[in-house]
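Asks: Okay, here's the structure, questions in a sec.
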Amino acid sequence: MALTTNKAVLDWIDEMSKMTTPDKIVWIDGSKKQIADLEKEACLTGEIIELNQEKLPGCYYHRTAVNDVARVEHRTFICAPSKEEAGPTNNWMDPKEAYKMASEIFKGSMKGRTMYVIPYSMGPVGSPFAKIGFELTDSIYVVLNMNIMTRVGQAVCDTLGNSTDFVRGLHSKCDIDEEKRYILQFPQDNTIWSCNSGYGGNVLLGKKCFALRIASYQGWKESWMAEHMLILGIENPKGEVKYVTAAFPSACGKTNLAMMIPPEGYTSKGYKVWTLGDDIAWLRVGPDGRLWAVNPEAGFFGVAPGTNMKSNPNALLSTEKGTIFTNVVLKPDGTVWWEGLDKNPPTDALDWKGNPWDPASGQKGAHPNSRFTAPAKNCPCIAKNWEDPAGVPISAIIFGGRRAKTAPLVYQSRDWDHGVFVGSIMASETTAAASGAVGVVRRDPMAMLPFCGYNMGDYWQHWIDMGKEIKNAPKIFNVNWFRLNENGKFMWPGYGENFRVLEWIIKRCEDQVDANVTPIGFVPKAEDINLEGLDYTIEGDRKFDIDALREILTVEKEYWMEDVKSIEEFYAKFGDKLPNELKSSLETLKKNFN
Ligand code: GTP
Ligand code: SPV
Ligand code: MN
């Protein structure tokens with residue numbers, strides 16, 4: 001039965017079902033009984049596999065098609081009225097043509113299948129930050145994931161009432177045909193069409209498609225921001241909590257930073273890190289004029305490989321119940337494994353493709369972009385106020401990427417506009433989170449390259465304009481946990497030790513510590529990063545000490561001048577859309593080096 005009498009919703013569902021011709025339509029209320037029935041049904045068809053319910057209660061396993069394991073940026077389109085509105089960094093398709101082309105693909109695609117109608121809220125239901133969407137899908141896997149990642153059900157429809165302000169998402173697996181796979185965003189129509197994929201970021205339409213691509217456009221129009229950022233709280237021994245957001249590209253450490261445990265020397269004094277979100281932040285100017293943030297999601301769709309009790313115990317503990325594992329190794333006892341979980345790869349397990357797996361074969365058992373979908377409420381360090389409809393006030397914004405050279409461990413921008421410049425010149429090595437080559441440095445402004453729903457030049461201008469509206473604007477920083485030595489080994493220990501850098505950032509926000517003025521901004525004096533109790537040996541090399549720290553804090557002119565060339569080429573694509581503030585920051589950077 002329909003959960004709403006909203007005519008705009010019902011008319012649209014009618015239109016979509018006439019096109020896709022499902023055998024039946026089922027509304028998702030997210031009740032325990034309904035979800036359990038769907039789990040049972042999906043187990044019968046093999047869409048999911050029940051895991052060991054004693055060891056992993058409420059957990060299931062799923063494999064995607066071998067050709068469908070990551071986001072497909074080359075098949076993702078912003079269908080704005082003109083190419084200029086999508087901008088030089090997005091693929092563009094004319095909306096009329098896109099609807100026409102995709103209608104052919106969707107025609108009859110749900111024949112013999114059920115269409116599930118998922119009403120969902122991004123953000124706590126009824127929060128001033130929250131937005132409502134509907135996803136129509138022919139995949140139970142999608143329903144089960146959306147039920148973890150978003151707030152689903154009747155309360156959402158009640159909150160919407162008769163409003164037409166909702167995002168219309170249509171998804172069909174079709175035949176998982178790579179050649180007909182399209183992820184289409186129509187920002188002007190609040191519409192998303194996704195076909196021929198079953199992989200998370202392409203099909204959980206509340207996530208990247210809505211909460212970033214559509215929402216970034218809405219934020220531009222409505223004076224708020226949708227960002228690819230984690231949100232965390234840092235509690236000091238006095239019990240005061242400061243909140244920061246951090247934008248890193250896909251598979252560059254957001255989940256890890258969001259759930260980090262500070263080193264022993266800090267926890268014993270009473271420092272604590274609280275998680276509010278691990279992937280997306282919606283930011284608004286609050287009643288006090290400061291910038292406030294809400295995590296629009298309700299779960300974590302996290303990278304499995306590398307997650308273990310040492311690197312990220314809180315993530316691992318979050319996956320002990322009610323979790324869906326995708327494309328990891330399946331063990332005969334109904335538990336799961338992935339590279340970097342522990343040093344004991346199973347010898348009698350099935351790999352992510354479902355084939356018997358020999359760890360000695362040199363082939364990976366789990367796909368590098370294998371993931372877990374875990375409810376946020378499972379997380380041992382989830383902040384008590386993570387669902388506060390008002391959000392949390394932000395003291396610092398941190399940008400960061402995966403750079404072998406060039407970017408120092410941490411630096412601070414001179415002011416908001418310079419901070420926008422620092423975000424706009426972010427670059428990072430590509431990862432397995434998107435299809436295509438891995439390890440290639442590309443410019444990825446604000447970690448939003450694949451997610452900005454409009455012209456990135458307008459997006460930068462929006463950042464600059466927002467700076468004028470925020471009182472006591474957050475300070476802006478850039479970090480790089482990934483500097484390599486000449487043997488290609490990570491110099492900085494990373495993970496929980498990143499707290500040492502967070503401490504410096506918070507001290508800077510409170511004017512408690514000096515810094516070196518460099519051509520790129522403020523860089524810490526090595527003595528000001530606390531290395532007490534740090535015991536780390538750079539692989540095959542020496543112990544990490546203050547001299548190693550000095551090395552990763554260096555700002556090398558030669559590398560930066562190379563970067564300047566690449567930034568100039570990148571900026572040139574934007575023509576008049578490039579804000580003057582960024583142009584002049586680039587000039588200042590060049591001048592500072594010469
Ligand atoms: P998405 O979910 O794709 O947006 O990724 P994410 O930004 O949340 O990345 P995540 O925290 O899952 O980390 C991805 C990979 O980076 C994992 O293999 C981690 O082990 C590795 N990683 C995370 N933090 C650090 C760090 O501080 N140092 C090093 N060397 N690696 C890290
Ligand atoms: C990312 O790729 O940034 C992710 C995973 O967080 S996905 O949902 O696939 O986009
Ligand atoms: Mn992400």
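The values are calculated or read from the model by the stated rules, or taken from the named source; none is laboratory data. All values derive from a computational prediction rather than experimental measurement. As a convention, Cβ positions derive from the backbone with ideal geometry for all residues, glycine included, and neighbour counts pool all protein chains shown. For the accessible areas, the whole protein counts, side chains as well, though only heavy atoms, and no ligand, DNA or RNA atoms are used. Shrake-Rupley method; radii C 1.70, N 1.55, O 1.52, S 1.80 Å.
Asks: Of the residues that sit in segment 206-254 and are within 22 Å of Glu469 (Cα to Cα) and of a type in the set (Phe, Trp, Tyr), which one is least open to solvent (accessible area, probe 1.4 Å)?
Replies: Trp224
Asks: If I ask for residues that are more than 9 Å from ligand 2 (Cβ to nearest atom) and touching a Pro at 6+ places or on another chain (Cβ under 9 Å), which ones from segment 199-219 would you list?
Replies: Gly206, Phe210, Ala211, Arg213, Ile214, Ala215, Ser216, Tyr217, Gln218
Asks: List pairs: first residue in segment 44-64 and on the phi > 0 side of the Ramachandran plot, second residue surrounded by fewer than 19 Cβ atoms within 10 Å (Cβ to Cβ) and not in a strand (DSSP E or B) anywhere in the structure, Cβ distance under 7 angstrom, at least six positions apart or on different chains.
Replies: Gly58/Lys321
Asks: Can you name every one of the strands (runs of 3 or more DSSP E) wholly within segment 247-340 that holds 3 or more residues which are within 15 Å of ligand 3 (Cβ to nearest atom)?
Replies: Because the criterion is at least 3 residues that are within 15 Å of ligand 3 (Cβ to nearest atom), the strands (runs of 3 or more DSSP E) in segment 247-340 that meet it are 299-303.
Asks: If you don't mind, there's one more thing I want to ask. As an exercise: evaluate Phe522 against (1) assigned to a helix (DSSP H, G or I); (2) aromatic (Phe, Trp, Tyr); (3) within 24 Å of Asp415 (Cβ to Cβ) and give the number of the one condition it does not meet.
Replies: Among (1) assigned to a helix (DSSP H, G or I); (2) aromatic (Phe, Trp, Tyr); (3) within 24 Å of Asp415 (Cβ to Cβ), Phe522 violates only (1).
Asks: While we're here: Checking Tyr61 against (1) closer than 19 Å to Ile140 by Cβ; (2) in a loop (DSSP other than H, G, I, E, B); (3) touching a strand residue (DSSP E or B) at 6+ places or on another chain (Cβ under 8 Å), which test does it fail?
Replies: Of everything listed in (1) closer than 19 Å to Ile140 by Cβ; (2) in a loop (DSSP other than H, G, I, E, B); (3) touching a strand residue (DSSP E or B) at 6+ places or on another chain (Cβ under 8 Å), Tyr61 misses just condition (2).
Asks: Additional query: Tell me, which residue of segment 224-235 that is touching a Phe, Trp or Tyr at 6+ places or on another chain (Cβ under 6 Å) and more than 12 Å from ligand 3 (Cβ to nearest atom) is farthest from Arg508 (Cα to Cα)?
Replies: Ala226
Asks: So, in segment 192-205, how many residues would count as being open to solvent by 10 Å² or more (accessible area, probe 1.4 Å) and farther than 22 Å from Ile324 by Cα?
Replies: Within segment 192-205, residues that are open to solvent by 10 Å² or more (accessible area, probe 1.4 Å) and farther than 22 Å from Ile324 by Cα number 1.
Asks: Is there a residue being surrounded by 20 or more Cβ atoms within 10 Å (Cβ to Cβ) and in a loop (DSSP other than H, G, I, E, B) anywhere in segment 46-55?
Replies: Yes, that holds for at least one residue.
Asks: Here's something else I'd like to know. When you go through (1) farther than 30 Å from Pro474 by Cα; (2) within 14 Å of ligand 1 (Cβ to nearest atom) one by one for Asn355, which number turns out not to apply?
Replies: Just one mismatch for Asn355, condition (2).
Asks: What are the residue pairs meeting all of these: first residue in segment 364-391, first residue closer than 13 Å to Val328 by Cβ and outside the structural domain of Ala433 (by TED's automatic domain parsing), second residue in a loop (DSSP other than H, G, I, E, B) and among the charged types (D, E, K, R), Cβ atoms under 6 Å, and 6 or more apart or on different chains?
Replies: Lys364/Glu339; Gly365/Asp351; Ala366/Glu339
Asks: Something else: Among what's in segment 38-79 and is away from ligand 2 (no atom under 16 Å from the Cβ) and among the polar types (S, T, N, Q), pick the residue that is nearest to Gln185 (Cα to Cα).
Replies: Top of the filtered list is Thr45.
Asks: Do any residues in segment 275-303 that are without any contact (Cβ under 8 Å) to a residue 40 or more places away in the chain have Cβ atoms under 9 Å from those of residues that are open to solvent by 10 Å² or more (accessible area, probe 1.4 Å), where the two are at least six apart or on different chains, and which pairs are they?
Replies: Short answer, once both residue conditions are applied: Pro287/Ala390.
Asks: So which pairs qualify, if the first residue must be in segment 441-457 and aromatic (Phe, Trp, Tyr), the second must be in a strand (DSSP E or B), the Cβ gap must be under 8 Å, and the two must be at least 6 apart or on different chains?
Replies: Tyr454/Ile78
Asks: If the Cβ limit is 6 Å and pairs must be 6+ apart or interchain, which residue in segment 422-434 that is on the phi > 0 side of the Ramachandran plot pairs with which residue that is within 14 Å of ligand 3 (Cβ to nearest atom)?
Replies: Short answer, once both residue conditions are applied: none.
Asks: Tell me which residues, restricted to segment 365-381, are away from ligand 2 (no atom under 16 Å from the Cβ) and open to solvent by 20 Å² or more (accessible area, probe 1.4 Å).
Replies: Lys377, Asn378, Pro380
Asks: Could you please find all residues in segment 414-448 being acidic (Asp, Glu), surrounded by fewer than 20 Cβ atoms within 10 Å (Cβ to Cβ) and within 15 Å of ligand 1 (Cβ to nearest atom)?
Replies: Glu429
Asks: Could you list all residues from segment 160-199 that are in contact with a Ser or Thr (Cβ under 7 Å, 6 or more places away or on another chain) and of a type in the set (Gly, Ala, Ser)?
Replies: Ser172, Gly198
Asks: Related question: Under 15 Å from Leu553 (Cβ atoms), out of contact with any Lys or Arg (no Cβ under 9 Å at 6 or more places or on another chain) and away from ligand 2 (no atom under 16 Å from the Cβ): is that true of Arg500 in this structure?
Replies: Here the answer is yes, as Arg500 does meet what is asked.
Asks: Within 16 Å of ligand 1 (Cβ to nearest atom), closer than 30 Å to Ala526 by Cα and at pLDDT 95 or above: which single residue out of Phe477, Phe451 fits that description?
Replies: Phe477
Asks: Looking at segment 161-178, which of its residues are over 26 Å from the mean Cα position of the chain (by Cα) and either at negative phi or among the aliphatic types (A, V, I, L, M) (or both)?
Replies: Asn162, Ser163, Thr164, Asp175
Asks: Please pick out the residue among Val203, Val244 that is away from ligand 3 (no atom under 16 Å from the Cβ) and under 17 Å from the mean Cα position of the chain (by Cα).
Replies: Val244 is the lone residue from the list that is away from ligand 3 (no atom under 16 Å from the Cβ) and under 17 Å from the mean Cα position of the chain (by Cα).
Asks: Also, quick follow-up: Name the pairs whose Cβ atoms lie under 7 Å apart, with the first residue in segment 574-594 and more than 24 Å from Glu556 (Cβ to Cβ), the second open to solvent by 20 Å² or more (accessible area, probe 1.4 Å) and outside any helix (DSSP H, G or I), and 6 or more positions between them or separate chains?
Replies: Phe574/Pro88
Asks: Restricting to segment 386-402, what's the tally of residues that are under 20 Å from the mean Cα position of the chain (by Cα) and either open to solvent by 30 Å² or more (accessible area, probe 1.4 Å) or within 16 Å of ligand 2 (Cβ to nearest atom) (or both)?
Replies: 6
Asks: Checking the conditions here, which among Gly340, Gly334, Gly354, Gly362 is surrounded by fewer than 20 Cβ atoms within 10 Å (Cβ to Cβ) and at pLDDT below 95?
Replies: When all the criteria are applied, what remains is Gly362.
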